[in-house]
Amino acid sequence: MASPTGRAGGKGGGRRSPSLAQLRAFTAVAEHLHFRDAAAAIGMSQPALSGAVSALEETLGVTLLERTTRKVLLSPAGERLAVRAKAVLAEVGALMEEAEAVRAPFTGALRLGVIPTVAPYLLPTVLRLVHDRYPDLDLQVHEEQTASLLEGLTAGRLDLLLLAVPLGVPGVLELPLFDEDFVLVTPLGHGLGGREGIPREALRELRLLLLDEGHCLRDQALDICREAGRADAPVTTTAAGLSTLVQLVAGGLGVTLLPRTAVKVETTRSDQLLTGYFADPAPTRRIALVMRSGAARGTEYQELAEALRGALRPLPVRVLDSKA
């Protein structure tokens with residue numbers, strides 16, 4: 001309840017708070033036990049420092065120092081409160097340092113979410129870029145499926161996502177990085193193995209192996225099949241990751257679709273595989289950085305996207321400009 005003077009009621013409700021200058025003056029005296037030395041240490045005049053300490057005693061309602069003609073001593077209350085004052089100033093200093101870090105671009109933590117069909121193939125490039133160009137950025141990587149990543153982004157658990165788009169989700173902004181083709185991975189001896197110019201229609205009759213439900217790459221593969229005129233895509237064998245999927249192909253259980261960025265990593269693990277390429281226009285997927293619309297660090301994320309576009313050019317992808 002407010003008091004008649006308009007000040008907050010309750011214990012100490014009408015008492016003024018000490019200033020930072022008063023606390024600095026007091027902690028300097030408490031450390032040096034000498035007004036002249038304390039004043040020199042914090043760059044104040046001796047009269048100003050003495051006045052600040054006296055004002056603090058008045059504000060707190062306690063005697064902090066015992067002054068004699070020969071030396072300065074801390075009172076029992078001063079000994080106790082000097083510890084508190086020093087802690088307050090340390091926290092204020094930490095607050096200022098944190099604010100400076102926030103103002104400085106590409107510092108502090110950046111929580112990046114990545115889908116499993118991108119992480120093993122793009123993270124080496126991403127990590128190298130961050131290490132070389134943004135050494136003060138604390139990059140924290142979280143590999144999850146698309147739905148979980150989007151939930152984390154909208155809830156504030158994640159700052160930025162690297163995944164396949166378009167998403168069609170309100171409240172997020174997509175920063176396209178590149179398009180990449182899909183290739184057909186087959187076992188040795190398969191009729192389409194190693195061929196170029198494969199028509200999409202060939203997918204109508206193939207035994208296609210897919211990832212488990214929840215992976216966006218599975219949905220993309222099914223969309224490609226539908227575009228090729230395949231009414232259904234019966235799946236009897238699935239895998240949790242591309243590495244397992246490719247090994248199933250090597251074992252002769254069927255064929256699969258791989259994004260170009262995954263080919264070098266996944267197909268070199270077995271000599272029982274062949275890679276076929278589709279006729280133009282080949283089926284593709286688009287990869288982008290995704291952030292919350294109006295994100296406080298949006299300008300940084302835009303700059304990071306542009307830097308990534310340059311770093312990704314050596315990969316077998318078609319890098320997009322910022323207006324794509």
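The values are calculated or read from the model by the stated rules, or taken from the named source; none is laboratory data. Since this is a predicted model, take the numbers as computed values, not measurements. Cβ: placed from backbone, ideal geometry, glycine included. Neighbour counts: every protein chain shown. Note: accessible area is taken over every heavy atom of the protein model, side chains too, but ligands, DNA and RNA are not part of it. Shrake-Rupley method; radii C 1.70, N 1.55, O 1.52, S 1.80 Å.
Annotations
Residue by residue, here is whether (1) among the small types (Gly, Ala, Ser); (2) open to solvent by less than 10 Å² (accessible area, probe 1.4 Å); (3) within 18 Å of Cys225 (Cβ to Cβ) holds:
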| position | (1), (2), (3) |
| --- | --- |
| Leu161 | no, yes, no |
| Val165 | no, no, no |
| Asp179 | no, no, no |
| Pro187 | no, no, no |
| Gly197 | yes, no, no |
| Arg207 | no, no, yes |
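- Checklist (1) without any contact (Cβ under 8 Å) to a residue 12 or more places away in the chain; (2) on the phi > 0 side of the Ramachandran plot; (3) not β-branched (Val, Ile, Thr) applied to Gly171, failing item: (1)
- The stretch 86-124: number of residues that are farther than 30 Å from Glu180 by Cα and touching a helix residue (DSSP H, G or I) at 6+ places or on another chain (Cβ under 7 Å): 7
- Considering residues of the stretch 273-306 that are farther than 17 Å from Leu158 by Cβ and aliphatic (A, V, I, L, M) only, the residue nearest to the chain's Cα centre (by Cα): Ala282
- Hits in the stretch 37-77 - residues which are open to solvent by less than 70 Å² (accessible area, probe 1.4 Å) and β-branched (Val, Ile, Thr): Ile42, Val53, Thr59, Val62, Val72
- Residue check for Leu320: modelled with pLDDT of 90 or more and more than 24 Å from Glu196 (Cβ to Cβ): yes
- Any hit, the stretch 305-321, residues being among the small types (Gly, Ala, Ser) and surrounded by fewer than 18 Cβ atoms within 10 Å (Cβ to Cβ): yes
Condition check ((1) in contact (Cβ under 8 Å) with a residue 60 or more places away in the chain; (2) touching an Asp or Glu at 6+ places or on another chain (Cβ under 6 Å); (3) not in a strand (DSSP E or B)) across all residues:
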residue	(1), (2), (3)
Val246	yes, yes, yes
Gly252	yes, no, yes
Tyr277	yes, yes, no
Ala296	no, no, yes
Tyr301	yes, no, yes
Leu308	yes, no, yes
Arg313	no, no, yes
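- Among the residues making up the stretch 86-140, those that are among the acidic types (Asp, Glu) and under 18 Å from the mean Cα position of the chain (by Cα) are Glu98, Asp132, Asp136, Asp138.
- Once the stretch 78-96 is narrowed to residues that are open to solvent by 60 Å² or more (accessible area, probe 1.4 Å) and among the β-branched types (Val, Ile, Thr), the residue that is nearest to Arg24 (Cα to Cα) is Val88.
- Qualifying residue in the stretch 231-238 (condition: surrounded by fewer than 17 Cβ atoms within 10 Å (Cβ to Cβ), modelled with pLDDT under 90 and not in a loop (DSSP other than H, G, I, E, B)): yes
- Arg195 vs. criteria part of a loop (DSSP other than H, G, I, E, B), modelled with pLDDT of 90 or more and either under 33 Å from the mean Cα position of the chain (by Cα) or acidic (Asp, Glu) (or both): no
- Selected residue (criterion: most open to solvent (accessible area, probe 1.4 Å)) from residues of the stretch 211-227 that are farther than 19 Å from Arg286 by Cβ and at pLDDT below 75: Glu213
- Residue among Glu151, Glu143, Glu174 that is of a type in the set (Asp, Glu) and either over 14 Å from Val290 (Cβ atoms) or open to solvent by less than 30 Å² (accessible area, probe 1.4 Å) (or both): Glu143
- Test for Pro124: is it more than 19 Å from Val29 (Cβ to Cβ), open to solvent by 30 Å² or more (accessible area, probe 1.4 Å) and assigned to a loop (DSSP other than H, G, I, E, B): no
- The one condition in (1) modelled with pLDDT of 90 or more; (2) open to solvent by 40 Å² or more (accessible area, probe 1.4 Å) that Arg15 fails to fulfil: (1)
- Test: residue in the stretch 261-271 that is open to solvent by 80 Å² or more (accessible area, probe 1.4 Å), assigned to a helix (DSSP H, G or I) and either without any contact (Cβ under 8 Å) to a residue 24 or more places away in the chain or out of contact with any Gly (no Cβ under 8 Å at 6 or more places or on another chain) (or both): yes
- Residue within the stretch 144-153 that is in a helix (DSSP H, G or I), under 23 Å from the mean Cα position of the chain (by Cα) and charged (D, E, K, R) present: yes
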